[in-house]
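The values are calculated or read from the model by the stated rules, or taken from the named source; none is laboratory data. What you see is a predicted model, and the numbers here were worked out from it, not measured in a lab. Because the Cβ atoms are built from the backbone with ideal geometry, glycine has one as well, and the counts that use them run over all protein chains shown.
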């Protein structure tokens, strides 16, 4: 390609290459027959093959291209409003330039959970920054389970996948490992024979911090309500909760740990039941902001004063916790950063197949709000976080 940025012949051939391009790579025979431009031009020496090859390198960001040449090709793209065909490019290069995030959602309430939204946004932001598309697919049983994800992998529709720990079963992970397919688990994953990268919140620490905060505020009988009992993050929170109860020399009551509560109304009913029991709790830790809303409604329904008679803490620190009345003390888990880290690791695996596995725990911090600001606090207390 000649160096004259104003060369009309080169601009013409560039546009023809783009018009006839299927993959954003070099194309095709019709250019040779266009206007007698099948051979080197006597003036500038440019040829169809050379032009097409140069356009391909610019579109695919490969090879060394002069600024003048790149500027000419970009000018042609702007004039043609050219957009590369990503599907066709993936067919030609063997790369879809797409990553997937698998969600495990069976009801619409989960979509309004800021933990879900912030994590996905972190993944999407990182994917966009690295020129990857993001595909969101539901791996819940009602939507085909893990088989639907495997079809994406086998169909070469994605280059890598981020999977929640809740559906990352061993047979599936083994098949990914055998194919050397890039994968990151969202959530700590252990007891696996498969080498895998994962990113998670330090949920043991979070469970510990929640109990510690309530103890410092004078609460002595603390319930824990989770949205499941099989997920490792819920198990880790229970471990942190139990350890801190012991360190605080608070009584442990198995009846104060309630699992499998997934909706606002369900949580309200359960908290009403606890508060009406012979030995009611004076505080509750909820798995997320929606469950905290249910606990708040239960307290109000029974006329229990929050925070003086009943304290509420939840995980996630979403906007909902700030606008509730009273506002809810919450564990800030920086779910956006969780998504960013997961996507960074995945894209690094895609582009550097020999890169080392990474397993990351992100720290949490307590954000105190009105739901635990009692008029009289408890005993001062300090302990190492879990």
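Structure values in brief
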read-out	value
Matching residues in the stretch 152-186 - criterion: being assigned to a helix (DSSP H, G or I) and within 15 Å of residue 138 (Cβ to Cβ)	152, 166, 167
Residue 227 assigned to a loop (DSSP other than H, G, I, E, B) and exposed (fewer than 15 other Cβ atoms within 10 Å of the Cβ)	no
Qualifying residue in the stretch 196-215 (condition: surrounded by fewer than 21 Cβ atoms within 10 Å (Cβ to Cβ) and out of contact with any strand residue (DSSP E or B) (no Cβ under 9 Å at 6 or more places or on another chain))	no
Elements of type helices (runs of 4 or more DSSP H) in the stretch 61-149, at least 3 residues being modelled with pLDDT under 70 and farther than 26 Å from residue 167 by Cα	86-93
Filter result (under 23 Å from residue 237 (Cα atoms) and either surrounded by 19 or more Cβ atoms within 10 Å (Cβ to Cβ) or free of Cβ contacts under 8 Å to residues at least 24 places away in the same chain (or both)) within the stretch 308-325	310, 311, 312, 313, 314, 315, 316, 317, 318, 320, 321
Filtered residues of the stretch 282-306 (kept if surrounded by fewer than 24 Cβ atoms within 10 Å (Cβ to Cβ) and either free of Cβ contacts under 8 Å to residues at least 12 places away in the same chain or part of a loop (DSSP other than H, G, I, E, B) (or both))	282, 300, 302, 303, 304, 305, 306
Meets criteria (over 25 Å from residue 308 (Cα atoms), touching a residue at least 60 places away in the same chain (Cβ under 8 Å) and either out of contact with any helix residue (DSSP H, G or I) (no Cβ under 7 Å at 6 or more places or on another chain) or buried (at least 22 other Cβ atoms within 10 Å of the Cβ) (or both)) for residue 262	yes
Meets criteria (over 18 Å from residue 333 (Cβ atoms), touching a residue at least 60 places away in the same chain (Cβ under 8 Å) and either surrounded by fewer than 17 Cβ atoms within 10 Å (Cβ to Cβ) or not assigned by TED's automatic domain parsing to the domain that holds residue 349 (or both)) for residue 174	no
Condition check for residue 372: under 17 Å from the mean Cα position of the chain (by Cα) and in contact (Cβ under 8 Å) with a residue 60 or more places away in the chain	no
Only listed residue being modelled with pLDDT of 95 or more and outside any helix (DSSP H, G or I), chosen from 269, 220, 212	220
Selected residue (only one of 249, 193, 178 is over 27 Å from residue 336 (Cα atoms) and at pLDDT 90 or above)	249
